[in-house]
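The values are calculated or read from the model by the stated rules, or taken from the named source; none is laboratory data. Here the structure is a predicted model, which is why all the values come from computation and not from measurement. Quick reminder, even Gly has a Cβ in these numbers, built from the backbone with ideal geometry, and neighbours come from all protein chains shown.
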């Protein structure tokens, strides 16, 4: 069964790039996109993704608050923070399973998603790139 991914970023070009990155990766499939935190919460309820790739800086509610709300409604969903801002320690405290910089190589994002999906459910497997 494929891993279902929800992409959350306020920049359409970033969402398109991530969707393209995962388009030819059989076991990892994008099930939807959201442009802000409120939209992400609606999509989590609607689409039941396995993992959320979540930007930190968005209009409305930021990625940290969005992650906290996702944890309340769907605690088993994996959260990968994906941001240009280098703040992995804060992201870890906020309930993420991993942090990856947007400056990282595209393959690193794929590897990070695979890694969090293979974890045993605890956030002790925290990774940052």
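Filtered by the rule that a residue be surrounded by fewer than 17 Cβ atoms within 10 Å (Cβ to Cβ) and at pLDDT 90 or above, the stretch 82-102 gives a lone residue, 102. Within the stretch 31-60, count every residue that is touching a helix residue (DSSP H, G or I) at 6+ places or on another chain (Cβ under 7 Å) and either crowded, with 16+ Cβ neighbours inside 10 Å or not in a loop (DSSP other than H, G, I, E, B) (or both). Residues that pass the stated criteria total 17. Taking residues in the stretch 16-30 that are assigned to a loop (DSSP other than H, G, I, E, B), and partners anywhere that are surrounded by 18 or more Cβ atoms within 10 Å (Cβ to Cβ), the pairs with Cβ atoms closer than 7 Å and at least 6 places apart or on different chains are 27/3.
If I go through the stretch 13-26 residue by residue, how many of them are in contact with a strand residue (DSSP E or B) (Cβ under 6 Å, 6 or more places away or on another chain) and more than 18 Å from residue 44 (Cα to Cα)? Break it down stepwise before answering.
Here is the first cut: in the stretch 13-26, the residues in contact with a strand residue (DSSP E or B) (Cβ under 6 Å, 6 or more places away or on another chain) are 15, 18-19, 22.
Subsequent filtering for residues that are more than 18 Å from residue 44 (Cα to Cα) retains 22.
Of the residues in the stretch 13-26, 1 are in contact with a strand residue (DSSP E or B) (Cβ under 6 Å, 6 or more places away or on another chain) and more than 18 Å from residue 44 (Cα to Cα).
Just to be sure, is residue 37 at pLDDT 95 or above and over 23 Å from residue 119 (Cβ atoms)? Answer is yes for this residue.
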